[in-house]
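The values are calculated or read from the model by the stated rules, or taken from the named source; none is laboratory data. All values reported here derive from a predicted model rather than from experimental measurement. Heads up, the Cβs are rebuilt from the backbone with ideal geometry, glycines too, and the neighbour counts pull from every protein chain shown. Ligands, DNA and RNA are stripped out before the accessible areas are found, and what is left, the full protein with its side chains, is counted by its heavy atoms. Shrake-Rupley method; radii C 1.70, N 1.55, O 1.52, S 1.80 Å.
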Amino acid sequence: MRGPVAPPQVPLSMSRADHFRDLVQDSVERLERRWPQLAEVDFVVLEVPEKAEETVPLGSAVSARKDRPAQIAVYRRPVELRTKSRDERALLIHEIVVEQVAELLGLAPESVDPRYGQD
């Protein structure tokens, strides 16, 4: 029998990067229900931070300017290195997204998501 083990629509055929992007998107969708203004924010997944720093950030937030929307980035490789399972990764990604949204909006993470830190 030749051919793929699973059809393309089945999660088995998704790459780790695709799974990661889906986890970020799930987190963003959860927050957009409460914070509709997040539809104006560009959420991206990058492999690693561009600048070398003493500590490796897991995410970053950049405010909007006239020529570009606000952007929140989640860094895939540092997050993957700190988590062992998909569930752990999902929790950490959501915490990162909540923290970056809070920074962007000038709020406490608990204000952005009341369940922050309880998982």
Contact list, first residue from the range 87-110 and under 15 Å from R30 (Cβ atoms) and modelled with pLDDT of 95 or more, second anywhere and among the charged types (D, E, K, R) and open to solvent by 50 Å² or more (accessible area, probe 1.4 Å), beta-carbon distance below 7 Å, six or more apart or interchain, is L91/D119; L92/R82; P109/E99
If you go through E29, E88, the only one that is of a type in the set (D, E) and under 18 Å from Q118 (Cα atoms) is E88
Report task. Scan the range 74-90 and give yes if some residue there is assigned to a strand (DSSP E or B), out of contact with any Asp or Glu (no Cβ under 7 Å at 6 or more places or on another chain) and within 16 Å of V41 (Cβ to Cβ), otherwise no. Result -> yes
Apart from one, (1) closer than 17 Å to D18 by Cα; (2) of a type outside the set (V, I, T); (3) open to solvent by 70 Å² or more (accessible area, probe 1.4 Å) all hold for A90; the odd one out is (3)
